[in-house]
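Structure first, then comments.
The values are calculated or read from the model by the stated rules, or taken from the named source; none is laboratory data. Only a predicted model underlies this, so the values are computations on that prediction, with no experimental measurement involved. All Cβ positions, even for glycine, are placed from backbone atoms using ideal geometry, and neighbour counts span all protein chains on display. To get the accessible areas, we keep the full protein, side chains included, count just its heavy atoms, and leave off ligands, DNA and RNA. Shrake-Rupley method; radii C 1.70, N 1.55, O 1.52, S 1.80 Å.
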Amino acid sequence: GRFRHAYLIGKTGTGKSTLMARMALSDIARGRGVGVLDPHGSLNDEILRRIPPERIDDVVIVDVGDREYPVGFNVLRIDATDRHKYVEARDLLIDELFAYVMRMYSHVPQSMGPMFESHFRGMLALLLGVDPQREPYIPNLMHLRLLYTDRRFLEAVAGRLAGRDHVIDDFLAEVLSINDRSD
């Protein structure tokens, strides 16, 4: 079976789209999940026309160009319910986001020093906390900006974590002392 991805190359008209449609429909018929990225739309249309009726309620269409029904995507959402698994997922998420930022901005190395890394990791750990997420507070990247621009928000988030994680406590002591000097 296909455990991850399939990559097909070939000249126009050689049957790549037909093969991909058959692969997707075969997986769908077997009850498996399928993700199809189709920049032109014709492959998606072909697959959608042939979805078995018993699987139609499983279909989710993400059209990033649809302004009427935009799809929200929160990269900071962690669904773990166990505290230890949550912290493990949080740390992995922070590592992955940091690696992504480093790749995206590698052309500006002067802005990616140890202070940036310390703040990036510390502020995300502060924002994400140590307890599994639940309504009404699910952090998102807009909250990250608020940590830097809204002192009351920073203090509220810091207050809920005080004494619960020594790494975050040390980071807060550093950040708040820097902020105190600039006030």
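A dipole drawn for the range 36-137 from +1 and -1 charges on Cβ atoms has a positive end, and of V62, V75, G129 the residue lying farthest that way is G129. One entry in (i) 16.9; (ii) 17.8; (iii) 20.3 is Kirkwood radius over Cα pairs in Å calculated from the shown coordinates; its label is (iii).
Roll a 1.4 Å probe over the protein chains and send me the accessible area per residue for the range 44-111 in Å².
Working: 5620 Å² over 68 residues.
Here the residues of the range 44-111 average 83 Å² of exposed surface.
Placing pseudo-labels 7 Å out from each Cα toward the beta carbon at M115 and N74 gives an inter-label distance of 3.2 nm.
Counting only Cβ charges, +1 for Lys and Arg and -1 for Asp and Glu, the dipole size of the chain around its Cα centre is about 740 debye. Remark: accessible surface ordering of K85, K16, K11 (largest first) is K11, K85, K16, probe radius 1.4 Å.
What's the magnitude of the charge dipole for the range 50-114 around its Cα centre, counting Lys and Arg as +1 and Asp and Glu as -1 at the beta-carbon? Answer in Debye, nearest 20. Provide the component values of the computation, followed by the final result.
On the way: 8 positive and 12 negative charges, 48 e Å.
Charge dipole of the range 50-114: 220 debye, to the nearest 20.
In this calculation the C-beta distance from V62 to R164 is compared with R0 = 35 Å, giving a FRET efficiency of 0.45. Long hydrophobic helices in the chain: the complete DSSP H runs spanning 30 Å or more by Cα along their own axis with mean Kyte-Doolittle hydropathy of at least -0.5 are 83-104.
Other residues whose C-beta falls under 15 angstrom from the C-beta of F73 contribute a net charge of -3, scoring Lys and Arg +1 and Asp and Glu -1.
Using the Cβ atoms and a cut-off under 12 Å, what net charge is assigned to the surroundings of V167, where Lys and Arg are +1 and Asp and Glu are -1?
Details: positive: R90, R121, R164; negative: D91, D165, D169, D170, E174.
Local net charge: -2.
Taken along the Cα-to-beta-carbon direction at a fixed 7 Å, the label points for Y100 and I138 span 1.6 nm. Of the residues I138, I78, I51, the one that moves most in a GNM of the chain with alpha-carbon contacts below 10 Å is I51. Full extension of the chain between E54 and T149 gives 29.2 nm of extra length, using 0.36 nm per residue less the Cα-Cα distance. Based on Cα contacts under 8 Å between residues 6+ apart, the range 64-173 shows a relative contact order of 30 percent.
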